[in-house]
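Participant: The structure that follows is given in the form of structure tokens.
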């Protein structure tokens, strides 16, 4: 059997249907690539980022951490969280603070007992729920 026999028997596919399907596929691929580009850009340009530069235990009930905070705009209202841990890895103190502006800041975390480490959980801003 040749293809002309099948076309005679079942009918040939119409040209408009092939072009319509191709058009729908092109639109769907373009929409997906647009969404992917937007997602990559929005996740790679956060409003606030932070780094823990260092920490030291001040006394039995306090630990001081030095944090570097970078804001993309002066109007961003960020909230940063520090957490202090004891030798047995239990949380002994936590501090949430709002940085005034971009730059280095020292923050003191009050603790229940002596801390052995301080962790920067990160900073968030409105619309940025993942701490960075």
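Values in this text are rule-based calculations from the coordinates and carry no lab data. Computed from a prediction, not measured in an experiment: that's the story for all the values here.
Participant: Tell me the mean residue ellipticity at 222 nm calculated for the chain from its helices only (DSSP H runs of n ≥ 4, each -39500 (n - 2.57), averaged over every residue, nearest 500).
Facilitator: When only DSSP H runs of four or more count, the value is -10000 deg cm²/dmol.
Participant: Report, in whole Å, the centroid distance computed from the Cα atoms of the stretch 63-125 and the stretch 1-56.
Facilitator: After rounding, the separation between the Cα centres reads 42 Å.
Participant: Note the full-extension length gain between residue 119 and residue 53 as 0.36 nm times their separation in residues minus their Cα-Cα distance, in nm to one decimal.
Facilitator: Length difference between fully extended and current span is 22.7 nm.
Participant: Oh, and also: Given that just one value was derived from the coordinates, which of (1) 92, 37, 19; (2) 37, 31, 26; (3) 69, 27, 22 is Cα extents along the principal axes in Å?
Facilitator: After the calculation, the listed value that fits is (1).
Participant: Okay, next question. Express in nm, to one decimal, how much length is gained between residue 101 and residue 38 on full extension, taking 0.36 nm for each residue of separation and deducting their alpha carbon distance.
Facilitator: Computed gain between residue 101 and residue 38 is 19.9 nm.
Participant: So how much slack lies between residue 15 and residue 75, counting 0.36 nm per residue of separation and subtracting their Cα-Cα distance, in nm?
Facilitator: Computed gain between residue 15 and residue 75 is 16.0 nm.
Participant: Next question. Just the number: Rg to Rh for the stretch 48-124, Cα atoms, Kirkwood Rh, two decimals.
Facilitator: For the stretch 48-124, the value is 1.00.
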